[in-house]
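Working notes, beginning with the structure itself.
The values are calculated or read from the model by the stated rules, or taken from the named source; none is laboratory data. Quick caveat, the model's predicted, so the values are computed rather than measured. With ideal geometry, Cβ positions are generated from the backbone for all residues, glycine too; neighbour counts draw on all protein chains shown. We work out accessible area using only protein heavy atoms, side chains counted, and drop any ligands, DNA or RNA first. Shrake-Rupley method; radii C 1.70, N 1.55, O 1.52, S 1.80 Å.
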Amino acid sequence: LNQKIAEVNLADARLKDDIQNIPEELIEIFKEVKPKMYTMGGLKQFGYIAQDVERALFKYATQTYGIETARRNKEMFNIVGKDDSYLSLVYRQVGTIKDAEKDSRINKLEQRLVEVEELLGKMEAKK
């Protein structure tokens, strides 16, 4: 059931198997995938480059599963599509990983802020 209904994606947990958090290693690798500005069809557009996403997935698959099976394991992700000549992206999938990356960064920064505040508190107490 990989259906879309007017830009609404099925999200019910009952339709999904093996639900887990996005691995931190994948989030870290996806930091390399940056949005770009480009011209396509004569118009300036913004988005991600499919080859950049494919490279990040291959790097993750290589680190996680080993070089021997990396290509096969990279393709188990529903992110990069291929037709006869061109690559395409499932943007909602890329967006979800980029959201996880932002959440990870925010959590790390919040933790650092707590540590700095604790350190400042200790320094104030010594005065």
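Structure values in brief
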| item | result |
| --- | --- |
| Test for residue 48: is it open to solvent by 20 Å² or more (accessible area, probe 1.4 Å) and touching a Leu at 6+ places or on another chain (Cβ under 7 Å) | yes |
| Any hit, the range 57-78, residues being among the aliphatic types (A, V, I, L, M) and at positive phi | no |
| Among (1) touching an Asp or Glu at 6+ places or on another chain (Cβ under 6 Å); (2) surrounded by fewer than 10 Cβ atoms within 10 Å (Cβ to Cβ) - the single one residue 27 does not satisfy | (2) |
| Residue 122 in contact with a strand residue (DSSP E or B) (Cβ under 9 Å, 6 or more places away or on another chain), without any contact (Cβ under 8 Å) to a residue 24 or more places away in the chain and over 22 Å from residue 16 (Cα atoms) | no |
| Options 100, 56; residue that is part of a helix (DSSP H, G or I), touching an Asp or Glu at 6+ places or on another chain (Cβ under 8 Å), surrounded by 12 or more Cβ atoms within 10 Å (Cβ to Cβ) and at pLDDT 90 or above | 56 |
| Total residues in the range 59-77, condition assigned to a loop (DSSP other than H, G, I, E, B), closer than 17 Å to residue 97 by Cα and of a type in the set (A, V, I, L, M) | 1 |
| Pick from the range 78-97, criterion in a loop (DSSP other than H, G, I, E, B) and open to solvent by 50 Å² or more (accessible area, probe 1.4 Å), ranking: nearest to residue 33 (Cα to Cα) | 78 |
